[in-house]
Amino acid sequence: AALYKYGASPTYIKQGGRVKRLTGNALPPGLEAGSPAPAIKVHLPHGSWLIMTSDGVAGTGGDEWLMDLLAGFSGDDPRSLCAHVMAASRAHGGLADDCAVLVVRVENALQSREKEV
């Protein structure tokens, strides 16, 4: 996958109990004229998760709590992870600004078809 990071909110890649934070240096669109942000290329193997949040989710106290929450999540439903992140955000100073969470769970297409049958 190729990510183009604009603004301050990190993107997280979860693989099992490990979470990696990805950040970019480009300003939000409209604040900087010129070339687009460079692509951050990542490999997303079967079973990995891509989590994107807006800056209002983590709040002002850092995102260590969010990385711990993501690492400890053992479910398999992206919607439940979104709800879990938003619920925990309030306790960590989030929700004062815009709040959005996008979660993508990567599955092998062949294995997905087998589950549907």
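The values are calculated or read from the model by the stated rules, or taken from the named source; none is laboratory data. Not measured: the values here are computed from a predicted model. Here the Cβ is made from the backbone with ideal geometry for all residues, glycine too, and neighbour counts use every protein chain on show. Quick note on the areas: whole protein, heavy atoms, side chains included, nothing else; ligands and nucleic acids left out. Shrake-Rupley method; radii C 1.70, N 1.55, O 1.52, S 1.80 Å.
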Rounded to the nearest 0.05, what FRET efficiency do Ala26 and Thr60 have when you use their Cβ-Cβ distance and R0 = 30 Å? 0.85
Within 10 Å, Cβ to Cβ, of Lys14, how many net charges do the neighbouring residues add up to if Lys/Arg are +1 and Asp/Glu are -1? +3
Exposure of Val104 as accessible area (Å², to 10), given a probe of 1.4 Å and all protein chains: 60 Å²
Order Trp65, Trp49 by their accessible area, 1.4 angstrom probe, all chains in place, largest first. Trp65, Trp49
